[in-house]
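The block underneath contains the structure these notes are about, expressed in structure tokens.
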Ligand code: G6P
């Protein structure tokens with residue numbers, strides 16, 4: 001009923017709007033009185049964490065894209081090598097795993113069969129296993145050595161939204177925890193990042209205030225057959241997740257690309273009027289921003305219609321954006337938390353305009369318990 005959905009038409013839309021709260025809840029109680037990070041059920045000794053040689057993240061669907069973002073954060077903050085792998089591929093390729101490997105399984109439901117089988121394989125090779133999960137007492141955390149629970153609350157819509165954002169939060173917390181134990185980042189640096197994370201619920205709320213203009217844009221794309229998404233760095237998994245949302249909900253051909261790869265193939269797809277959604281990185285001291293802008297220039301010169309997500313105050317993007325969606329100014333590693341939100345709104349509204357059932361998309365299940 002409408003009451004269960006807080007007056008929204010879909011659970012998904014309700015869950016998108018719950019994201020500031022879900023992110024805030026997933027951050028509560030993570031700092032001890034001594035200022036150190038503490039995680040829920042961290043049944044891993046500090047010594048085991050110090051001895052880690054590598055981290056392998058395994059997951060499916062949206063959770064896999066959270067894992068891709070996690071790689072950027074974990075490697076940057078902890079200098080520990082990270083691989084990210086689809087759970088369904090992991091155990092069939094004879095992966096190199098031993099007691100110095102931490103396998104991180106990300107699963108909203110905790111019941112995805114591919115992910116469960118992957119952790120069973122990892123354990124048989126003596127790896128340590130940590131679960132990032134939204135469902136208390138589900139199979140994956142039960143079979144893991146450690147758990148970080150996300151506090152998104154129940155997610156009903158088949159397409160994951162608040163599940164994804166809270167997984168990102170858990171991944172950042174894990175990265176900072178490992179950094180703290182390994183000593184690759186110190187107290188005040190960790191504090192500073194925690195303060196930035198604690199500001200994210202307000203930033204997400206600011207993005208949600210633009211929902212009406214994103215909806216209008218989505219409705220203008222009802223006739224579209226194909227949509228491309230471009231991103232770089234932590235924005236690359238956001239592009240992949242934005243495309244997944246459109247496939248799942250609008251049944252549209254949608255693909256995400258790393259912007260640097262354009263010239264190696266995808267640019268051949270560009271034709272007149274093709275919508276290209278571009279996740280523009282913040283203007284940092286590195287060259288990411290400039291490189292992204294030249295990619296956008298390239299596709300626009302070939303007729304693409306560019307819809308750009310760029311931070312407040314970014315003037316350089318203006319000449320190349322047919323439509324501009326503003327994001328709050330946040331560090332590049334945390335930008336996925338705000339950048340995915342307009343893409344969720346876009347997919348939800350476009351699917352609604354097409355007359356599809358947003359909460360129960362055809363052929364999909366909330367949790368896939370068969371391999
Ligand atoms: C299914 C759902 C997706 C979800 C994926 C992984 O395919 O439709 O929305 O991302 O499973 O689910 P999990 O519960 O393991 O995160």
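Where a number appears in this text, it was derived from the coordinates with a stated rule and is not lab data. Source: prediction; values computed, not measured. FYI the Cβ positions are ideal-geometry reconstructions off the backbone, even for glycines, and counts take in every protein chain you see.
Between the stretch 256-301 and the stretch 70-147, how many Å separate their Cα centres?
32
Relative to the compact-globule scaling 2.2 N^0.38 Å, provide the ratio for the alpha-carbon radius of gyration of the stretch 300-371.
Normalised Rg, Cα atoms only: 1.48.
Counting other C-beta atoms within 10 Å, which of 323, 203, 264 has the fewest, and how do the rest follow?
Neighbour counts put them in this order, fewest first: 264, 323, 203.
Given contacts defined as C-alpha pairs under 8 Å and at least six residues apart, what's the relative contact order of the chain, whole-number percent?
19
Send over the Kirkwood Rh of the stretch 227-371, from the inverse of the averaged 1/r over different Cα pairs, rounded to one decimal Å.
Every distinct Cα pair counted, the radius reaches 15.6 Å.
Once the Cα atoms of helix 162-182 and of the chain are each reduced to a long axis, what angle between those two axes, in degrees from 0 to 90 to the nearest 10, is obtained?
40
Just the projected area, averaged over all directions, of the convex hull on the alpha carbon atoms of the stretch 49-107: how many nm²?
Average of the hull's projected areas for the stretch 49-107 equals 3.9 nm².
Let me know the Rg and Dmax you get for the chain when you use only its Cα atoms, in Å.
19.9, 58
Measure nothing fancy, just the Cα-based angle from helix 113-124's long axis to the longest principal axis of the chain, in degrees from 0 to 90, nearest 10.
For helix 113-124, the angle is close to 30 degrees.
Restricting attention to the alpha-carbon atoms of the stretch 189-228, what are Rg (one decimal) and Dmax (integer), both in Å?
Answer for the stretch 189-228, Rg first and Dmax second: 16.4, 48 Å.
Using only Cα positions of the stretch 246-327, each an equal point scatterer, no hydration layer, compute I(q)/I(0) via Debye at q = 0.12, 0.14, 0.23 Å⁻¹ and quote the log10 values to two decimals.
-0.34, -0.46, -1.16
Quantify how much of the Cα-Cα distance distribution of the stretch 239-283 extends past 15 Å, in percent.
Every Cα pair in the stretch 239-283 considered, those over 15 Å come to 50 percent.
Hey, how much of the P(r) for the stretch 97-140 falls beyond 13 Å, as a percent of Cα pairs?
46
Report the Stokes-Einstein translational diffusion coefficient (µm² s⁻¹, integer) for the stretch 203-302, Rh taken as the Kirkwood radius over Cα pairs, at 20 °C with viscosity 1.002 mPa s.
Approximately 149 µm²/s, per Stokes-Einstein.
Could you work out, for the stretch 202-257, what percent of all Cα-Cα pairs fall into each 10 Å distance bin, beginning at 0 Å and stopping at the bin that holds the largest distance?
For the stretch 202-257, the pair-distance distribution reads 23, 43, 33, 1.
In degrees, nearest 10, range 0 to 90: what is the angle between the Cα axis of helix 235-250 and the longest Cα principal axis of the chain?
The angle comes out at about 70 degrees.
What number, rounded to the nearest 500 deg cm²/dmol, is the helix-based mean residue ellipticity at 222 nm of the chain, given -39500 (n - 2.57) per DSSP H run of at least four residues and division by all its residues?
Result for the chain, helices only: -13000 deg cm²/dmol.
Given C-alpha coordinates of the stretch 1-79, what is the ratio Rg to Rh with the Kirkwood estimate of Rh?
Expressed as Rg/Rh, it is 1.09.
Which three extents, in whole angstrom, do the alpha-carbon atoms of the stretch 70-177 cover along their principal axes, largest first?
Ordered largest first, the stretch 70-177 gives principal extents of 36, 30, 21 Å.
Taking every pair of alpha-carbon atoms in the stretch 150-238, give the share separated by more than 22 Å as a whole percent.
Cα-Cα pairs in the stretch 150-238 separated by more than 22 Å: 49 percent.
Specify the residue with the greatest mean-square fluctuation among 310, 353, 175, computed from a Gaussian network of the chain linking alpha-carbon atoms under 10 Å apart.
Comparing 310, 353, 175 in a Gaussian network model of the chain, the most mobile one is 353.
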